[in-house]
Amino acid sequence: MKLKLIDTWNDPYSTDFPSQAVFDGTYLYVVTAATNTGRIQKIDPATMATVDSKTWSESTDWDGHYIWLSGSYIYSIDNYDMTLIRKISTSTLAGVWLSLAGPGSFMGLDCGTSDGSVLYCGWGTASGTVAKITKVNNTTGATISTWTGIVDQDRSVNDILWDGSYIYAVTTHNTKSKCYLHKIDISTMTTSSSVALPGGTYPYSMAGNTDYIYMPDQTTKVVFKIRKSVMAVVATSGIINGLPVGITVLNNKVFINYDDAVGRTLWCSMLNGNTLAVEDTFKSGVPSWTLTPSMTNDGTFIYCGTENSGPGIGQIYKFAIAASGGFVQII
């Protein structure tokens, strides 16, 4: 199977780039960020047109950089005051602030997820404190309980994934060259098991299915495949020609986006979910780059976000899986 580019969303505000996107079964929601401004945009995937948007510019200088979906709300972390989460209605895009108590000095929110009733918020810092995840009331922002990482090994939580039973957290240490994936029991907020990623020091995001978690690492420039039942790395991709950032999984295919760190050209590859062998690769036809893990899917199509420095706008590319045709280069 191949991928075929079938449509492109162009940000109507021109100056923004898509930080991250989620799909609720009907619409795509994308947080777009510009200096001191944040927007949530609602996109019809059938037409790839913005059907609604909301802009915030206030004393907090909100600049959303990480979002996740839970029920009828989207949650987005503020990029300037990283103890704030914007809780956004999917129907009206109206939002309220949740102010969270940080679990340690100089700690900021890095990522989050939800099990449908409470939030799980990942914290990190460049100072000497250990990475933490707080279990948070999704109405008041009050902390219910806290998970603590490995002292002197975990400093930041880069991403969190909820699979219906456990949360999985990938952690890094900015000076120890350490990277772990932790499987966490949500009832006790304690570690069930962990695996060290071989050579990995900077995974940016992760995605998974029933049995596996897939994770790109920017240091080794590979994708790791971890079997959840035994928490072990069972496959590693070949070297990626760039810095992998975003990832999504669909129909036993793994999709990653990355830039080449030279010409700032966006690449996107489709990998076999069993072997992690590359089956198809797209290269954008104009200079562009991806800064955040803005990849998702709707069960049929793949969506890949980028800031495109050619026309100077944020874009989301829509790809279909086809029997033939491959990628169509963007002109």
Open item on the list: List pairs: first residue in segment 149-164 and on the phi < 0 side of the Ramachandran plot and surrounded by fewer than 21 Cβ atoms within 10 Å (Cβ to Cβ), second residue in a loop (DSSP other than H, G, I, E, B) and among the charged types (D, E, K, R) anywhere in the structure, Cβ distance under 7 angstrom, at least six positions apart or on different chains.
Closed with: 153/176; 162/115
Task: Extreme residue, farthest from the chain's Cα centre (by Cα), among residues of segment 43-67 that are buried (at least 21 other Cβ atoms within 10 Å of the Cβ) and at pLDDT 70 or above - done: 43
TODO: Give the residue that is nearest to the chain's Cα centre (by Cα), with candidates limited to residues of segment 181-212 that are part of a strand (DSSP E or B) and closer than 23 Å to residue 20 by Cβ.
DONE: 207
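Let's see how each residue does on (1) surrounded by fewer than 20 Cβ atoms within 10 Å (Cβ to Cβ); (2) within 29 Å of residue 96 (Cβ to Cβ); (3) not charged (D, E, K, R):
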site	(1), (2), (3)
134	no, yes, yes
145	yes, yes, yes
183	no, no, no
206	no, yes, yes
214	no, no, yes
220	no, no, yes
Task: Residue check, residue 113 under 18 Å from residue 83 (Cβ atoms), within 16 Å of the chain's Cα centre (by Cα) and of a type in the set (Val, Ile, Thr) - done: yes
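The values are calculated or read from the model by the stated rules, or taken from the named source; none is laboratory data. Keep in mind it's a predicted model, so treat the numbers as computed, not measured. Positions of Cβ are backbone-derived with ideal geometry, glycine not excepted, and every protein chain shown enters the neighbour counts.
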